[in-house]
Amino acid sequence: MPRSVPEDEARSAAPCIARIAVEGAPFHLGDALDYLVGDGPLTVGDRVEVSLAGRRTRGLVTALADRSDVPHARLRPVGRRLGDAPWVAPDDIGLLGWAAQRFGAPLGDVVRHALPNRVVDEERRATAAGWWPPAVAPDRPATGEGAGSPPDGGALAPDAWVPYGADGRALLGAVAHGQGSFLLSPLPGDDLAAVIADLARRCLDGGRDVLLVVPGPVSAVADAVLGLVPEEARVDLRGGPTPRMTYRRWLRARAGLARVVVGERSAAFVPLARLGLAVVVDEADPTHKERRSPRHHVREVLLERARRARGVGLCTADVPSAVTTALVSAGRLTWVAPDRDAVAERRPDVRLEVGDLEARARISKAGLRALRDAVRDGGYGVLLAARRGEGRALACARCGDLVRCHGCSASIARSPEGGWWCAACGTRSSRAPRCERCGPGPLSPLAAGAERLGEELARTIDAPVVVLEGHAPPVPPPPAVLVMTRGSVLDRPPPGGPVLGVVLPDVDGALRRPTLDAAEDALRLAFRVAGWAEQGAPVVVETREPEHHALRALRERDAAAFWEEETALRAPVGLPPCRRAIRVETRALEEVARRLPAHVAAGDVVVGPLPLDEGRGALLVLLDDRAATLEALRPLRDDLSRRGVELRIEVDPVDLG
């Protein structure tokens, strides 16, 4: 008989410690906690139930070991294993760890976002169908046989990529059989859906898979790419499907059956067997930024996934974000843009109107004429309003300057109870505010709301005037005037007919918004809407600042020139893209503001504090070395976490304040 094995030797004979990233674990506990392995099988990548602070939660097994620094008596056993197969492939655990470090978040928070809720019945159905648990990923066809038929009207002309020059050829080659990171700015008038579908087709023909993340559930780009493959080879996660449906589709992707995965922000971590092309459409759209921990941005996740898979990471943008501009400057992204001659031939006819505005509608005579001519010729006239309703922030009716609070310099609005008030600091006054330049005088909304503009236009234009609200609203057939706001702007021109006139009446209001990124945000939206106009159709921009660099860039359709001037303006204060930024938000603003300067890296600059709603406040850290700053912040974060004081850290924030 073999001799009995002592307990210590038995423990060392096989891994008995599971390192688990626990979902919901506080920051100060670190990325992984040690638990005792039970009698059942356990592998890296399994999702399990564990106990933490007296409550049951879930976690991901990130490693197995034969010893722990924690005394054996203090270790708790792993609970039941969730499912019969690992949830995460070993190679993908490294991606989750990278995301935790990149965005300064607990690994358990990344796991919670990356993995869906389990639906046991869906696993049973998949097992009965014979494709779950996952086996070896199927071979991909090296030709277009398995790719399906292209969507109707989606094929590009043979010379469509010629205006993009050598960088365009490099992108095509990488998508077909190589790797790289790219930023694509489409030629005015090009159908982005057809462009991305063409790239996806080349990737699929090479036997690799496609991941596409779009900013909203209604997307022509997503529809075009999904049309490239049969239904059984696609996973569509747009629109927030039910937990059951989400899990079913995630299982298909995890099993290696999906060729194309399309979704919104939550699709960034969905597994693919052979990722070849990862695309984030309109990378500057704020919806790509997760608002909960780990507060990741889809752009960075997809670029890193593509890099690890030796595939292509692609961002699209008319006007790239400051972060993406910094990546281009650092040589980490290749900017694929059409040459100047091609842009000059196809750019919209932007006209800067500096004449007097019509008193009732706040629209210039040139703007009204453009809308009337558009509907007379049977097309759409489009007017972009800054907001819904009437508009709140007030400006001087004579010079157009924003009227500011004397206490905090935020905008002043009319109070519903009468008088005037500042939403930022809460100051109220019965006395009318005065313009710093003109003194006391008449005030008007800085930006007229969509409802008011629609009512005024309906009285002066002999055609339907429709105020579109909400995401992807129904669009009436032409001729019609469409009054839109940011939330109702489509991702492509209105489908019913040509846009024969565009009016942007509130660009000055957008440029003067009290935010640090007002200029880039206003230009990005103007690029989108102006790009709908048919070649030769007027785009009337009403402004008192025709020499503003954002408006020059709009007229020339030149985002690179905008960023050259904008970067020079931001350089003295070190705002992105000159430096990186981390936003710190907390309810304990006084304590954090006092302690934060001692817990940042050398050379970092702390800006603020900025009071927010509901007793919260924020500070901004401007930095050069993100990893060094996050490491310097760790002692402060650990201390506050142990005391239960909430501290939100957002790397590369969308809202700079």
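Which members of segment 645-657 meet the condition of being open to solvent by less than 70 Å² (accessible area, probe 1.4 Å) and either within 21 Å of P26 (Cα to Cα) or part of a helix (DSSP H, G or I) (or both)?
Selection gives V645, L647, I649, E650, V651.
Every residue in segment 100-137 that is more than 26 Å from the chain's Cα centre (by Cα) and not aliphatic (A, V, I, L, M), please.
Scanning segment 100-137 gives R118, D121, E122, E123, R124, R125, T127, G130, W131, W132, P133, P134.
Of G426, G407, which residue is assigned to a loop (DSSP other than H, G, I, E, B), at pLDDT below 70 and at positive phi?
On inspection, the qualifying residue turns out to be G426.
Which members of segment 32-56 meet the condition of being of a type in the set (A, V, I, L, M) and exposed (fewer than 14 other Cβ atoms within 10 Å of the Cβ)?
Correct list: A53 only.
Looking at (1) under 30 Å from L368 (Cβ atoms); (2) touching a residue at least 12 places away in the same chain (Cβ under 8 Å); (3) not hydrophobic (A, V, I, L, M, F, W, C), find the lone condition where D521 falls short.
(2)
Among residues belonging to segment 281-339 that are open to solvent by less than 20 Å² (accessible area, probe 1.4 Å) and in contact with a His (Cβ under 8 Å, 6 or more places away or on another chain), point out the one that is nearest to A268 (Cα to Cα).
Out of the qualifying residues, it is V298.
Being on the phi > 0 side of the Ramachandran plot and in contact with a Lys or Arg (Cβ under 8 Å, 6 or more places away or on another chain) is the filter here; which residues of segment 271-316 pass it?
R295
Looking at L29, is it at pLDDT 90 or above, at negative phi and open to solvent by 60 Å² or more (accessible area, probe 1.4 Å)?
So L29 fits the description; yes.
What number goes with the only condition from (1) more than 30 Å from A306 (Cβ to Cβ); (2) hydrophobic (A, V, I, L, M, F, W, C); (3) crowded, with 17+ Cβ neighbours inside 10 Å that V110 does not pass?
Only one criterion is unmet by V110, namely (1).
Of a type in the set (G, A, S) and without any contact (Cβ under 8 Å) to a residue 12 or more places away in the chain: which single residue out of A326, A317, A330 fits that description?
A330
Could you figure out which of (1) of a type in the set (A, V, I, L, M); (2) at pLDDT 95 or above; (3) surrounded by fewer than 13 Cβ atoms within 10 Å (Cβ to Cβ) isn't true of L115?
Every condition holds for L115 apart from (3).
What is the number of the single condition among (1) in contact with a helix residue (DSSP H, G or I) (Cβ under 6 Å, 6 or more places away or on another chain); (2) at pLDDT below 90 that A472 does not meet?
(1)
Can you pull out the strands (runs of 3 or more DSSP E) entirely within segment 530-641 that have at least 2 residues that are closer than 30 Å to A100 by Cβ and open to solvent by less than 70 Å² (accessible area, probe 1.4 Å)?
Strands (runs of 3 or more DSSP E) meeting the threshold: 580-586, 605-611, 617-623.
Restricting attention to segment 57-104, which residues are buried (at least 17 other Cβ atoms within 10 Å of the Cβ), in a loop (DSSP other than H, G, I, E, B) and of a type in the set (D, E, K, R)?
Hits for segment 57-104: nothing passes.
With (1) touching a residue at least 60 places away in the same chain (Cβ under 8 Å); (2) of a type in the set (D, E, K, R); (3) under 25 Å from R299 (Cβ atoms) as the list, and E556 as the residue in question, which single condition is left unmet?
Looking at each condition in turn, E556 falls short on (3).
Search segment 125-139 for residues that are more than 18 Å from G83 (Cβ to Cβ) and pair each with any residue that is surrounded by 14 or more Cβ atoms within 10 Å (Cβ to Cβ) and at pLDDT 55 or above when their beta-carbon atoms are under 6 Å apart and the residues are at least 6 apart or on different chains.
A137/G256; A137/A273
Identify all residues within segment 240-265 that are within 21 Å of D91 (Cβ to Cβ) and either open to solvent by 50 Å² or more (accessible area, probe 1.4 Å) or part of a helix (DSSP H, G or I) (or both); write none if there are none.
Result: W250, L251, R252, A253, R254, L257.
Rundown of residues vs (1) under 20 Å from V319 (Cβ atoms); (2) within 27 Å of the chain's Cα centre (by Cα); (3) polar (S, T, N, Q); (4) in a loop (DSSP other than H, G, I, E, B), yes/no style:
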{"position": "V466", "(1), (2), (3), (4)": "no, no, no, no"}
{"position": "P476", "(1), (2), (3), (4)": "no, no, no, yes"}
{"position": "P495", "(1), (2), (3), (4)": "no, yes, no, yes"}
{"position": "A510", "(1), (2), (3), (4)": "yes, yes, no, no"}
{"position": "L525", "(1), (2), (3), (4)": "yes, yes, no, no"}
{"position": "R528", "(1), (2), (3), (4)": "yes, yes, no, no"}
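The values are calculated or read from the model by the stated rules, or taken from the named source; none is laboratory data. Remember, it's a predicted structure, so these values are computed and weren't measured experimentally. Note that we place each Cβ from the backbone using ideal geometry, even for glycine, and neighbour counts take in every protein chain shown. Please note that ligands, DNA and RNA were not included when accessible areas were found on the heavy atoms of the full protein model with its side chains. Shrake-Rupley method; radii C 1.70, N 1.55, O 1.52, S 1.80 Å.
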